[in-house]
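Nothing in this text is a laboratory measurement; each read-out follows from the coordinates by a stated rule. In this text the structure is predicted, and so the values were computed from the model without any measurement. Reconstructed Cβ throughout: ideal geometry from the backbone, glycine too, with neighbour counts over all protein chains shown.
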Amino acid sequence: MIEMLSAKEIESYLIFLKEQEKSKETIEKYKRELYDLLKFLSQKDLTKEVLILWKTKLQNNYRASSVNGKLVAANGFFSFLGRYDLRMKLLKIQKEIFSKEEKELTRQEYVRLVETAQKKGNIRLSLVIQTICATGIRVSELQFITVEALRKGCAEVNCKGKRRIIFLPEKLQKLLLKYAKNHGIGEGHVFITKGGHPLNRSNIWADMKKLCMEAQVSPEKVFPHNLRHLFARTFYSLEKDIAKLADLLGHSSIETTRIYIMESGKEHRRRLNQMRLVW
C-alpha cells in the first residue's frame, strides 16, 4: 500500500505551529517549504529513499543553508506526525570567517541609495531605508514604527516571541514625525500603502531594486536585510560589545550576531598590513 503525504496533514501542522506561538513569518516559510515537498511527492510513496532523492535535488539547486532550512521544516513536520524514521540529516556547512565583498553594502552605497530615493521623489522609501539602517530592525518590524512610538522616541517590538525596545535616533524621530504630519497620518503605522495597509517585504524589496542603476549599487547588495547588517557593523565598530548588539538585533544567539559583523577579506588584509610585522 502506497503511503502518501496530504495537504490536510500539513494544515494540521500549521495549526500546531500557531498554537506554539511561532511567528507569522516562520509559519509562512514552513507552509511554503512543505507544499513544495508535497508537490515533489505527488504520486510517490512516502519513504526515506524518496526523501533522500528530494534532498539530493535540493542540493543541486540551492545553497547549503537554504537546503538546511527546507530540511528543518520537513523534519519538524515528520516529528509532529510521529514519523521520526523519515527525518533527514542536515548538511554540514563549513563556517565562513569572512563576508563576501560583492554582497557587503558600504556606507557610501547606502548614502547613494537614500539620496537616489529622494531625487526620485520617493520620500517614503528614503525614510524606510534610513529607519531600518539607523535602528537595526527587521523589515517585518517596521509595523511597530507608529506615530505613538515616534512621540515617545522608542518602539516596542514583538517578534519571534520576544519583546524588545528600539530607541529612535532624534534626527530620525523628527524626520518621521514631519513625514507623518505631511501625509495626514495622525496615529498608527507610519509606513503604509495607498490602501492604508502596512508595507510588506515585497513592496520594499521591489522599490529598493529600482534604485540600483541610478545609485550605481550592485543589485546583489540591495535588499532590506543588508541594511540591518550595515547597522550591526557600524554599531560594533563603535562599541565592540557583541552581547549588547545581539540584544539590539533581537538575536537569541551571539553566534548569529557574529555573522552580521564578519569583516571582508579586503578589510582583513588591510588590518594585517596595519600590524607591520614584516620587515
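In the list Thr193, Thr257, which residue meets the criterion of being of a type in the set (Val, Ile, Thr) and touching a His at 6+ places or on another chain (Cβ under 8 Å)? Quick ask: steps written out before the conclusion?
Working: Thr193 fails: touching a His at 6+ places or on another chain (Cβ under 8 Å).
When all the criteria are applied, what remains is Thr257.
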Check: Which one is nearest to Ser126 (Cα to Cα), of the residues in region 206-235 that are in contact (Cβ under 8 Å) with a residue 24 or more places away in the chain and in contact with a Phe, Trp or Tyr (Cβ under 8 Å, 6 or more places away or on another chain)?
Finding: Met208
Notebook entry, point to check: Of all residues in region 139-166, which are among the β-branched types (Val, Ile, Thr) and in a helix (DSSP H, G or I)?
Noted result: Val139, Val147
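Is region 88-106 home to any residue that is of a type in the set (D, E, K, R) and closer than 21 Å to Gly196 by Cα? Spell out the reasoning first.
We begin by selecting, within region 88-106, every residue of a type in the set (D, E, K, R); these are 89, 92, 95-96, 100-104.
When the remaining residues are screened for being closer than 21 Å to Gly196 by Cα, the result is none.
No: zero hits.
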Notebook entry, point to check: Quick one: in region 117-138, which of the residues that are buried (at least 21 other Cβ atoms within 10 Å of the Cβ) and of a type in the set (Val, Ile, Thr) is nearest to Cys212 (Cα to Cα)?
Noted result: Ile129
Next item on the list: Could you check how many residues of region 140-163 are more than 21 Å from Glu21 (Cβ to Cβ) and either among the aromatic types (Phe, Trp, Tyr) or within 15 Å of the chain's Cα centre (by Cα) (or both)?
Entry: 1
Next item on the list: With respect to Leu277, determine if the residue is touching a residue at least 24 places away in the same chain (Cβ under 8 Å) and either more than 26 Å from Ser140 (Cβ to Cβ) or surrounded by 11 or more Cβ atoms within 10 Å (Cβ to Cβ) (or both).
Entry: no
Margin query: Within region 177-215, take every residue that is over 23 Å from the mean Cα position of the chain (by Cα) and surrounded by 15 or more Cβ atoms within 10 Å (Cβ to Cβ) and give me the one that is farthest from Leu249 (Cα to Cα).
Written below: Ile185
Check: Could you say whether any residue in region 107-126 is under 30 Å from Gly184 (Cα atoms), touching a Ser or Thr at 6+ places or on another chain (Cβ under 8 Å) and not in a helix (DSSP H, G or I)?
Finding: no
